1. For the range 255-267, check the following and say yes or no: at least one residue is under 28 Å from residue 17 (Cα atoms), in contact with a helix residue (DSSP H, G or I) (Cβ under 7 Å, 6 or more places away or on another chain), part of a loop (DSSP other than H, G, I, E, B) and touching a residue at least 40 places away in the same chain (Cβ under 8 Å).
2. Only one of (1) surrounded by fewer than 18 Cβ atoms within 10 Å (Cβ to Cβ); (2) at pLDDT 95 or above; (3) closer than 24 Å to residue 78 by Cα fails for residue 124. Which number is that?
3. Among the residues of the range 76-118, how many are modelled with pLDDT under 95, surrounded by fewer than 16 Cβ atoms within 10 Å (Cβ to Cβ) and on the phi > 0 side of the Ramachandran plot?
4. Hey, any hits in the range 230-239 for a residue that's outside any helix (DSSP H, G or I), touching a residue at least 60 places away in the same chain (Cβ under 8 Å) and within 24 Å of residue 220 (Cα to Cα)?
5. Hey, residue 216 hits all of (1) modelled with pLDDT of 95 or more; (2) farther than 28 Å from residue 137 by Cβ; (3) assigned to a helix (DSSP H, G or I) but one; which does it fall short on?
6. For the range 1-17, how many residues are in contact with a helix residue (DSSP H, G or I) (Cβ under 9 Å, 6 or more places away or on another chain) and surrounded by fewer than 12 Cβ atoms within 10 Å (Cβ to Cβ)?
7. What number of residues in the range 21-51 are farther than 17 Å from residue 250 by Cβ and either within 22 Å of the chain's Cα centre (by Cα) or surrounded by 12 or more Cβ atoms within 10 Å (Cβ to Cβ) (or both)?
8. From the residues in the range 99-150 that are in contact with a helix residue (DSSP H, G or I) (Cβ under 8 Å, 6 or more places away or on another chain) and in a strand (DSSP E or B), which one is farthest from residue 179 (Cα to Cα)?
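The values are calculated or read from the model by the stated rules, or taken from the named source; none is laboratory data. From a predicted model like this one, the values you see are computed outputs, not experimental measurements. Ideal geometry is used to build each Cβ from the backbone, glycine not excepted, and the neighbour counts take in all protein chains shown.
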């Protein structure tokens, strides 16, 4: 995969059904919207009509949760075919998914399951990524998920793994700053070390979100609260290192009024403009 993804420096929101009517009824102060790919795959009717109307107003990013890039069984070809049909119809800025596995053949866990950071797992992810990029005929963005456990078999850090993955597969990276913070607290590492190893030229998008306090001191990536002060501070460090890139607020539970999310997005604009 020799294609490149040019930088895009806007500010956007995840498109959620609670806000469809407002997006369709009036222009909103966003530079793009991000959809969950699976919500629009293998379907017709209202969802696709909504997506078509949205695409006329805003650039669209497709973000998936089921590719299962870490699966040693390989990728589901039917899934990739459906994803390509949606991408060809939508013509998104890019397509992204997560560094994880999501199940076994015939069973989707509907969760982003962690990987050991080993050479074997890296080879699996690279092979799966190359296949996906070949089928989709475009480079992908890969997101760092939050994690709540580690593997004694790991021989490298998550950030070293992501660096090698990007360099060897030709993919780009979706840097979830909230997930970096959550995992740094859960696993007691310095989040700045994570940022400093990630290749500057491979980051094309940043996610910001809220999290919750879980059991035994763990933070849980729940996407049900505003971005906290510590994540805003880490976002400033990320912009300082990677420069302006597409930034998005994620909210998937306890969905607030659209105006609240737009106000939070303005915080991201202000933070990025200070460092420009």
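1. yes
2. Every listed condition holds for residue 124 apart from (1).
3. 2
4. No, because not a single residue in the range 230-239 is outside any helix (DSSP H, G or I), touching a residue at least 60 places away in the same chain (Cβ under 8 Å) and within 24 Å of residue 220 (Cα to Cα).
5. With (1) modelled with pLDDT of 95 or more; (2) farther than 28 Å from residue 137 by Cβ; (3) assigned to a helix (DSSP H, G or I) applied to residue 216, the lone miss is (1).
6. Residues flagged as in contact with a helix residue (DSSP H, G or I) (Cβ under 9 Å, 6 or more places away or on another chain) and surrounded by fewer than 12 Cβ atoms within 10 Å (Cβ to Cβ) within the range 1-17 amount to 2.
7. 11
8. 140
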